[in-house]
Every structure is written in C-alpha cells, then in structure tokens.
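A.B. asks: The structure is given below, and queries will be raised subsequently.
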There are 2 protein chains.
Amino acid sequence: VTARSAAFAAADWGTTRLRLWLIDADGGVLGEFRSDEGMATAAARGFATILEEGLAQLGAPPGLPVMVCGMAGARQGWVEAPYVALPADLSELAGRAIEVPGLPRRVLILPGLAAAASQEAADVMRGEETQLLGIADALGASPVTVVMPGTHCKWVACEGGVVTGFRTFMTGELFALLSRQSILRHATGDAAADPGDAAFAEAVRAVIDDPSALASGLFGIRAAGLVFGTGQAPSASRLSGLLIGAEIAAMRDRADRVVLLAQGVLGKLYAAALEAGGVGFETVDADAASRSGLFQAARKAGLTGDQATRAGAKPA
Amino acid sequence: VTARSAAFAAADWGTTRLRLWLIDADGGVLGEFRSDEGMATAAARGFATILEEGLAQLGAPPGLPVMVCGMAGARQGWVEAPYVALPADLSELAGRAIEVPGLPRRVLILPGLAAAASQEAADVMRGEETQLLGIADALGASPVTVVMPGTHCKWVACEGGVVTGFRTFMTGELFALLSRQSILRHATGDAAADPGDAAFAEAVRAVIDDPSALASGLFGIRAAGLVFGTGQAPSASRLSGLLIGAEIAAMRDRADRVVLLAQGVLGKLYAAALEAGGVGFETVDADAASRSGLFQAARKAGLTGDQATRAGAKPA
C-alpha cells in the first residue's frame, strides 16, 4: 500500500465528520483517514487546512485531485454546490460538481438534490445522492424505494438511476431530543432502542395502523413509566418504534421493491421495523456506498487514471 | 381587603411556578402571590419553606388551611397524592386529597388522574383535574371534550362531572425543542407561531387530512427555508400547525361538543386550529378555573367557613 498509485482522494464530508480515502485507478482503497471535524468545525478552522492535514497523514502526493460529497457543498459549508432539482439522473452528478477555487490541487464538490415542486413538498439531501450513485448498479432499472437510515432518514424513489422523489424524516434527531431533553427522558433514561423488544414492534404496528398514534402516543411513554413502572429499555424501544413506524406509515406509496441501506445499529432497527410492518425488503451494505459513488463521480469527472495525472499536474 | 376574612389559601403548584391565593368563605379572592419556584425549585429548597414565605407575604393568619393542586402531589414533589383512576368523578377529588404531615397548619394536596387501562393507553394529569372541577358547572351534564392547551395539551372527555378519558400531547414541549434545538431552528429562528398565518391553517388541514404528514412534514420546514427562502414566521407557524393539527387528527373520536379552555396566546392558536379544521367549539376562560376548583375542593373537604376555623385551630 503506497500513495504512489493513488489516482485521486475521495472525501465524504458531513455535518459531524470527515472520511477521506486514497483511491487507485481501479477504485481500490489505499488508505483511510477519519476525523470528527465535520462541517461546523471545518467552517471555523478552514476546510482547506483540514483537508490538507488529512491528505498529508495519508501521504497523498501534491496535486492529487479530490472528489468531495456531503455538507461541504452546503451554503454554510466550503463552497456551495447548488442543489440539482428532481428528477435527477445520478450519472449526471459529476458534471454538476463545483471546483473549489484558489487551491494547490483540484478539489471538486458534488451537489446535493432538491425536491422543489412546492414549499410543502420541499426536501433536500447532501451526501445520500452519492451513496445512491454508489449502489446504482444494485438498484437496477425498475422502480425501487431506498431507505437510508441516519440522523435524518431518507426514503428515496429511484428508477433506472434517476431519483424521482424523496422524503426526509427527522427520526434520529427526534429520538435524541425526546429521550435526552424532553420529559420522556425520565422514562427512557440513557437506554437504547432494542429492535428485539416487543414494545418496539407493537409501536411500529400501532402507528402504521393509525398514523395519528405518533402524536398521541409520545406522552404515554412517560405515563406508562409512572403508572406501570415500565422500564427504560422498553420505553426507548417504544419511542423508536413510534418514530420509525411513522416513516413507514407516511411512505405507503412506496415502490413494491424496498432496499434498505443497512448501517450498523440503525440498520437493525429499520430492518426490524420493516419486518414488524410486513414490508418486504432487501439490504445493501452501506459501508462502501459513498466511496463507490465518489469513485464513479471522479471517473466521470476525469479525475482518475490519465486524467488524474493531468489534473494532478495542473496547478489551480 | 384584609387577611382576617380569609377562609383558606389555595395553591396551584406546577412544574415551573406557584400561584397562591387567599380566599374568603364565598370564594372571593383577597390576595394573590406568584412565584417561579415550581416543583423543581421547591424540591430543593423545601415546599413548606416556600409556602410559608408566600403565606407570610399575603399576611395569612397562622393556622389558615391550604388546598394545593398540581405537581406538588407528584411522587417527586412534596407528598405524593396517588392518582385517581378513570372514570373519575370530579366531585370526589377532595375526598382523595392527602394531608401533608408535621406542619403547623393543615395542607391538603389534591390527587391527579390516571388513565391506566393498558401501558399503551396510559396517561396522567396533575392540576388539570382541578381546573376541570372549577369549570364543571359550565361543562354541564352531556358528553363534552375539553381542550386544555399547555406545554402538554390535554384533550379530556367529560360527562356529568366525570372524566371518562383523556389524552396528552407534548405539543408545547415539541414546539420548543424543535424550534430551538433541532435543525429546524435554522428555519424558525425565535419566531412565534402566528395563528393568522396561512401556513398555520394549511399545516393544520394537511395533518387532519393525512396524520402521517406530521412525521413527513417536519424536515420540509427546513428544506423550504433552503430551497424557497421561506421566512421564520411562516416556518414557525407551519411547525405549530403540524403539531396542533396532529392533535385534532388523533382526537377524531371526540364528543360533538368541544370546549376550549382558552389561555392567552396558546388559546388563540388552538382556536385558529380548530377553526381551520372545521371543528366547532365554545371557549371557557381558564384564568379562574384552578382557583374555582380549589375553592370547591376546599369547601368539600371542610376547609372553609366554620370548618376553616376548626382546621386552623388544630395543630397538626
């Protein structure tokens, strides 16, 4: 493993973290750098400084080009890469990448996607579109709904490599706020949701049966603790079940084929919720999705192979 | 106005504040004391100390009895007044009051109510039951649903002075958490919800039409800010409309007659939401409800009139 064979560097730069890889011309990973310096930190200390530090740690040669996805392209990020409006052909993302000016190497930032049919239906993503590009082959040509768990979970309608619609749910953020900062913290404590808990599956089904059970069921978690002495683990599981169940209830117009982009504990919770709701699904491993999408975009943008050498030789 | 004619003192002791009144034998108010020393503060500094300070400021005579409602009767409060299970006859609340032991005067704490049919349907209230007692005459004998806005809004089914069911919504707390601490803060800023804003009524109707629009609509508030530059006031109004609309959607099994216990700005928001949802309602002024309920309970418990003298003369 040597930096000499690197064709480009790939960066997934989100709100709370940066992941950086050296990639060879075949998409192979030559090195990885991880940091907690997400968008907020980077905006204060300088994106270029942090990126160069990471590249130096990886032994990246001067002039090696970099393909970036995620919140670095937000308005409050490094350089804004304006949203691409739906319907969005994932293969055209690379062509909409924005080059960061005034750097000693080429750095391209991929755009996010925006649903902008109306104020009520507005939605945005930054980073997930690159994951989708990375798994586009696995998604195939037919209509599919991709579930992408996270702090803000996305349900994305894709067909033949084109994103036709998507919806964001604040589930992860709501769980954190409610279980740590609301009155429900007395019921949940620090407990994590357990996908195997009966309270989880019951809550999922209750909200699918009646979506209004989300609003009417939250305080009941605290009340059950007071009246029945319900424990912290089932309380946290019930809270999570209500929130994820509300996603399934809202996405009843999903495609017949559902693909879950599985990521660790959250992936297990969503798998259990889909099972509880009787929704059939396949799983696709999320781990390499961003990196694979960045590689495809880099190749398309001419950053890899011969182009990489050219790009690397060109001072910006 | 002199403290000599006081029959008893009435205290509404909630989570965040204490209101204390001197009341004569006819229910007339002789003096009022307000403090921010709610349950949390009082648990640290001593309920008895704070109560005696308030009574001293009002010039209450030694031995004057006190009727208390609210969170002072919670398990983590002063002395626990165990919940009364549904169905609960409001006229029997006084008989279930708990006397605080070891005090130089009689202090009775009214119980709250608990819905305990199942863990999923569990719910609790402390304080609202006393407001309901205070407006019981206005509610009459027929089935009625009482909407009680607040940090935790209650929808209460009453019939002939008996509470037969209720549901708590964390609307006020959710609005505060989402507009101040979630990603939606970037959209709402410090703006208050405006009941006259078209975005408010539209959001109310959207969630009544489809209750799953609560979960799927939250992040859209942020997205509309990014994509359309939607302002803070309509963003806050939309958030509030989604949350209050979810209450109306969940309470579709309400009684034909709906009574709104109107309280300031929140009362105006709920009135506008009910109107937007096409729900007919009457309003009852909330201001005197707690005091009136405490007076009725005190009379029933024998704290007023001759009994007050007797109680006041009796060292505990």
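A.B. asks: Residues that are away from every other protein chain (no Cβ under 13 Å), modelled with pLDDT of 95 or more, closer than 30 Å to residue B:89 by Cβ and in contact with a helix residue (DSSP H, G or I) (Cβ under 6 Å, 6 or more places away or on another chain): does region B:195-210 have at least one?
C.D. replies: No: region B:195-210 contains no residue that is away from every other protein chain (no Cβ under 13 Å), modelled with pLDDT of 95 or more, closer than 30 Å to residue B:89 by Cβ and in contact with a helix residue (DSSP H, G or I) (Cβ under 6 Å, 6 or more places away or on another chain).
A.B. asks: Here's something else I'd like to know. Within the group B:56, B:48, B:42, B:10, which residue is part of a helix (DSSP H, G or I), among the small types (Gly, Ala, Ser) and either at pLDDT below 95 or touching a strand residue (DSSP E or B) at 6+ places or on another chain (Cβ under 6 Å) (or both)? If you could, list the steps in order and put the result at the bottom.
C.D. replies: Details: B:56 fails: either at pLDDT below 95 or touching a strand residue (DSSP E or B) at 6+ places or on another chain (Cβ under 6 Å) (or both); B:48 fails: either at pLDDT below 95 or touching a strand residue (DSSP E or B) at 6+ places or on another chain (Cβ under 6 Å) (or both); B:10 fails: part of a helix (DSSP H, G or I).
Residue meeting the stated conditions: B:42.
A.B. asks: Could you grab the pairs with beta carbons closer than 6 Å, sequence gap of 6+ or different chains, first residue in region B:46-60 and under 14 Å from residue B:106 (Cα atoms), second one open to solvent by less than 40 Å² (accessible area, probe 1.4 Å) and part of a helix (DSSP H, G or I)?
C.D. replies: B:60/B:3
A.B. asks: Which residues, counting only those in region B:232-261, are free of Cβ contacts under 8 Å to residues at least 24 places away in the same chain and either more than 9 Å from chain A (Cβ to nearest Cβ) or on the phi > 0 side of the Ramachandran plot (or both)? Can you show your working first?
C.D. replies: Going residue by residue through region B:232-261, those that are free of Cβ contacts under 8 Å to residues at least 24 places away in the same chain are B:252-253.
Across region B:232-261, the qualifying residue is only B:253.
A.B. asks: Here is a further query. Provide a single number: the residues in region B:262-296 that are open to solvent by 60 Å² or more (accessible area, probe 1.4 Å) and either of a type in the set (Lys, Arg) or under 13 Å from residue B:241 (Cβ atoms) (or both). Steps first, answer last, please.
C.D. replies: The initial filter retains those residues of region B:262-296 that are open to solvent by 60 Å² or more (accessible area, probe 1.4 Å), namely B:263, B:265-266, B:268, B:275, B:278, B:282-283, B:285, B:287.
Next, only the ones that are either of a type in the set (Lys, Arg) or under 13 Å from residue B:241 (Cβ atoms) (or both) stay: B:268, B:275.
Qualifying residue count, region B:262-296: 2.
A.B. asks: So, in region A:140-158, of the ones that are more than 14 Å from chain B (Cβ to nearest Cβ) and in contact with a Cys (Cβ under 8 Å, 6 or more places away or on another chain), which residue ends up surrounded by the most Cβ atoms within 10 Å (Cβ to Cβ)?
C.D. replies: A:146
A.B. asks: Whether any residue in region A:159-179 is over 26 Å from the mean Cα position of the chain (by Cα) and away from chain B (no Cβ under 13 Å) is what I want to check. Quick ask: steps written out before the conclusion?
C.D. replies: At the first step, the residues of region A:159-179 found to be over 26 Å from the mean Cα position of the chain (by Cα) are none.
No.
A.B. asks: Would you confirm whether any residue within region A:89-98 is of a type in the set (Lys, Arg) and either open to solvent by less than 40 Å² (accessible area, probe 1.4 Å) or closer than 22 Å to residue A:161 by Cβ (or both)? Talk me through it step by step, then tell me what you get.
C.D. replies: Within region A:89-98, the first condition is being of a type in the set (Lys, Arg), and the residues that meet it are A:96.
Remaining after also requiring either open to solvent by less than 40 Å² (accessible area, probe 1.4 Å) or closer than 22 Å to residue A:161 by Cβ (or both): A:96.
The answer is yes; a qualifying residue exists.
A.B. asks: Going by what's in this entry, would residue B:103 be described as farther than 22 Å from residue A:220 by Cα, part of a helix (DSSP H, G or I) and open to solvent by less than 50 Å² (accessible area, probe 1.4 Å)? Spell out how you get there, then give the answer.
C.D. replies: Details: farther than 22 Å from residue A:220 by Cα: yes; part of a helix (DSSP H, G or I): no; open to solvent by less than 50 Å² (accessible area, probe 1.4 Å): yes.
No: the conditions fail for residue B:103.
A.B. asks: Continuing with this model, one more query. Please go through region B:192-207 and pick out each residue that is open to solvent by 10 Å² or more (accessible area, probe 1.4 Å) and under 24 Å from the mean Cα position of the chain (by Cα). Working first, answer last.
C.D. replies: Filtering region B:192-207 down to residues open to solvent by 10 Å² or more (accessible area, probe 1.4 Å) leaves B:192-199, B:201-202, B:205-206.
B:192, B:193, B:194, B:195 - these are the residues of region B:192-207 that are open to solvent by 10 Å² or more (accessible area, probe 1.4 Å) and under 24 Å from the mean Cα position of the chain (by Cα).
A.B. asks: Quick one: residue B:130 ticks every box in (1) among the hydroxyl-bearing types (Ser, Thr, Tyr); (2) open to solvent by 10 Å² or more (accessible area, probe 1.4 Å); (3) in contact with a strand residue (DSSP E or B) (Cβ under 9 Å, 6 or more places away or on another chain) except a single one, so which number is it?
C.D. replies: (2)
A.B. asks: Output the number of the condition that residue B:40 fails; it satisfies all remaining conditions of (1) more than 20 Å from the chain's Cα centre (by Cα); (2) over 21 Å from residue B:297 (Cβ atoms); (3) of a type in the set (A, V, I, L, M).
C.D. replies: With (1) more than 20 Å from the chain's Cα centre (by Cα); (2) over 21 Å from residue B:297 (Cβ atoms); (3) of a type in the set (A, V, I, L, M) applied to residue B:40, the lone miss is (1).
The values are calculated or read from the model by the stated rules, or taken from the named source; none is laboratory data. These figures come from a predicted structure and were not determined experimentally. Positions of Cβ are generated from backbone atoms using ideal geometry, with glycine treated the same way; all protein chains shown enter the neighbour counts. Surface accessibility is based on the protein's heavy atoms, side chains included, excluding ligands, DNA and RNA. Shrake-Rupley method; radii C 1.70, N 1.55, O 1.52, S 1.80 Å.
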